[in-house]
């Protein structure tokens with residue numbers, strides 16, 4: 001008997017306990033997540049607890065839970081997800097072998113004649129490193145350790161330097177090849193290759209907006225970005241810079257090109273990138289047993305974290321569906337005032353605020369599946385590609401927005417104590433404004449996302 005009645009002030013109040021199981025499950029997850037307990041265990045533990053409650057109250061048939069092993073086997077057999085460890089390994093190898101650092105130094109020398117050239121180099125190298133790893137923490141920490149001391153020695157304004165580093169570290173959310181896009185493609189049920197193509201123009205727009213801002217602010221306020229002493233770019237120097245810069249850039253172009261032209265799947269291209277990164281490390285003298293061990297350890301740790309969250313979210317979503325929680329969420333989103341506009345406004349606000357407290361992978365595995373049924377009905381299946389890019393750009397903005405942006409916390413952890421938190425926050429604000437501007441442009445002009453995928457289909 002799940003119907004409870006009690007008298008209050010002469011009124012008889014009755015309610016069905018089973019109707020609160022779905023919302024209660026989601027609320028319990030939020031509370032446990034805020035406690036700081038590992039996300040994967042939170043998801044799995046809440047799923048076990050509410051499955052027992054659901055069975056005890058007759059809301060869930062025990063046979064319903066037998067679908068869980070098949071779901072887990074489906075995840076294990078998902079060929080697309082193999083791209084995640086491959087791209088993580090590729091990015092980690094480029095960083096651990098010193099290739100990323102040498103690329104930054106070479107870019108800085110090449111752009112040294114331009115005021116703000118070092119900051120431009122940080123944007124270019126940071127976006128490439130962020131795209132290959134897809135992990136904001138790794139990129140911001142690495143770029144902070146590599147580029148922040150160099151920018152301080154060059155006399156850059158502290159706020160500008162920290163803002164450039166934090167912003168460039170978040171660019172990997174929508175610049176391919178990115179494990180963020182791989183995960184989004186899997187969760188939305190769309191082609192990862194198409195998502196790579198669709199995110200290319202928005203990613204270039206975002207990086208271009210950062211670069212343009214640096215050039216403008218450096219011209220208007222030269223004291224913020226002192227011009228470096230120009231170097232003699234003779235034939236030997238050009239050859240040296242080319243040997244450092246062209247191989248990693250060529251590797252990324254080969255990886256992306258093989259996907260864009262249908263030569264390889266994202267998984268195959270990621271494997272090619274991992275092998276190419278090892279070859280580049282060996283050619284630059286940065287490949288050793290110690291380096292390989294470090295990269296493999298980082299790859300295993302990050303991949304294990306992602307897969308553990310995915311397995312936990314699978315159990316959570318199954319039990320949540322058994323409690324009719326997915327129908328409740330779908331009906332709520334479908335009946336929002338404003339139709340498509342209301343759905344986009346509320347869903348983007350939810351994802352934006354979730355980005356303050358939990359990482360991308362948790363959002364992708366928890367929030368995106370809940371939004372997907374309403375998105376399919378309101379926006380149509382053809383709009384899911386555009387929606388995926390919008391979600392990536394939205395999270396990129398969230399990770400950079402003070403005072404809770406993850407990228408700012410990571411940079412704070414590696415920045416010298418002489419740089420204040422206020423300086424980091426102030427440096428991030430102009431780039432947040434630029435990201436919001438590009439995000440609004442993507443939302444208002446879906447062709448920026450759809451043009452390249454449509455060209456590939458024609």
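Residue under question is residue 198, and the condition is that it be outside any loop (DSSP other than H, G, I, E, B) and free of Cβ contacts under 8 Å to residues at least 40 places away in the same chain; does it hold?
Against the criterion (outside any loop (DSSP other than H, G, I, E, B) and free of Cβ contacts under 8 Å to residues at least 40 places away in the same chain), residue 198 does not qualify.
In this structure, does residue 208 turn out to be surrounded by fewer than 22 Cβ atoms within 10 Å (Cβ to Cβ) and at pLDDT 90 or above? So residue 208 passes the test.
Let's see how each residue does on (1) part of a helix (DSSP H, G or I); (2) within 30 Å of residue 285 (Cβ to Cβ); (3) modelled with pLDDT of 80 or more:
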site: 54; (1), (2), (3): yes, no, yes
site: 60; (1), (2), (3): no, no, yes
site: 64; (1), (2), (3): yes, no, yes
site: 69; (1), (2), (3): yes, no, yes
site: 78; (1), (2), (3): no, no, yes
site: 93; (1), (2), (3): yes, yes, yes
site: 100; (1), (2), (3): yes, yes, no
site: 109; (1), (2), (3): yes, yes, no
site: 113; (1), (2), (3): no, yes, no
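In the list 436, 419, 424, 442, which residue meets the criterion of being in a loop (DSSP other than H, G, I, E, B) and either more than 30 Å from residue 327 (Cβ to Cβ) or in contact with a strand residue (DSSP E or B) (Cβ under 7 Å, 6 or more places away or on another chain) (or both)? So that I can check it myself, show each step before the final result.
Details: 436 fails: in a loop (DSSP other than H, G, I, E, B); 424 fails: in a loop (DSSP other than H, G, I, E, B); 442 fails: in a loop (DSSP other than H, G, I, E, B).
After applying the criteria, what remains is 419.
Does residue 387 satisfy the condition of being touching a helix residue (DSSP H, G or I) at 6+ places or on another chain (Cβ under 7 Å), modelled with pLDDT of 90 or more, surrounded by 19 or more Cβ atoms within 10 Å (Cβ to Cβ) and outside the structural domain of residue 162 (by TED's automatic domain parsing)? Considered against the rule, which asks whether it is touching a helix residue (DSSP H, G or I) at 6+ places or on another chain (Cβ under 7 Å), modelled with pLDDT of 90 or more, surrounded by 19 or more Cβ atoms within 10 Å (Cβ to Cβ) and outside the structural domain of residue 162 (by TED's automatic domain parsing), residue 387 comes out as yes.
Only one of the numbered conditions (1) free of Cβ contacts under 8 Å to residues at least 40 places away in the same chain; (2) surrounded by 13 or more Cβ atoms within 10 Å (Cβ to Cβ); (3) part of a helix (DSSP H, G or I) is not met by residue 333, and that is (1).
Looking only at segment 353-376, which residues are surrounded by 16 or more Cβ atoms within 10 Å (Cβ to Cβ) and over 20 Å from residue 312 (Cα atoms)?
Matches in segment 353-376: 373, 374, 375, 376.
The set of residues in segment 284-296 that are out of contact with any helix residue (DSSP H, G or I) (no Cβ under 6 Å at 6 or more places or on another chain), farther than 11 Å from residue 88 by Cα and assigned to a helix (DSSP H, G or I) comprises 289, 290, 292, 293.
Here's the yes/no breakdown for (1) under 32 Å from the mean Cα position of the chain (by Cα); (2) modelled with pLDDT under 85; (3) assigned to a helix (DSSP H, G or I); (4) surrounded by fewer than 18 Cβ atoms within 10 Å (Cβ to Cβ):
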{"residue": "190", "(1), (2), (3), (4)": "yes, no, no, no"}
{"residue": "203", "(1), (2), (3), (4)": "yes, no, yes, no"}
{"residue": "217", "(1), (2), (3), (4)": "yes, no, yes, no"}
{"residue": "238", "(1), (2), (3), (4)": "no, yes, yes, yes"}
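Looking only at segment 246-283, filter to residues that are assigned to a loop (DSSP other than H, G, I, E, B) and free of Cβ contacts under 8 Å to residues at least 24 places away in the same chain; which one of those is surrounded by the most Cβ atoms within 10 Å (Cβ to Cβ)?
Looking at the filtered set, the residue picked out is 264.
Going by the conditions given, is residue 159 in the same structural domain as residue 249 (by TED's automatic domain parsing), in a helix (DSSP H, G or I), touching a residue at least 24 places away in the same chain (Cβ under 8 Å) and within 25 Å of residue 181 (Cβ to Cβ)?
So residue 159 fails the test.
Go through the residues of segment 189-208 one by one and say whether even a single one is out of contact with any helix residue (DSSP H, G or I) (no Cβ under 8 Å at 6 or more places or on another chain) and at negative phi. Checked segment 189-208: at least one residue is out of contact with any helix residue (DSSP H, G or I) (no Cβ under 8 Å at 6 or more places or on another chain) and at negative phi.
Among residues belonging to segment 1-29 that are under 17 Å from residue 358 (Cα atoms) and surrounded by 13 or more Cβ atoms within 10 Å (Cβ to Cβ), point out the one that is modelled with the highest pLDDT. Steps first, please.
From segment 1-29, those under 17 Å from residue 358 (Cα atoms) are 26-29; that's our starting set.
Still in the list and also surrounded by 13 or more Cβ atoms within 10 Å (Cβ to Cβ): 26, 28-29.
Values: 26: 83, 28: 88, 29: 85.
So the residue we want is 28.
The values are calculated or read from the model by the stated rules, or taken from the named source; none is laboratory data. None of these values were measured; they are calculated from a predicted model. When we count neighbours, we look across all protein chains shown, and the Cβ atoms used for this are built from the backbone with ideal geometry, even at glycine.
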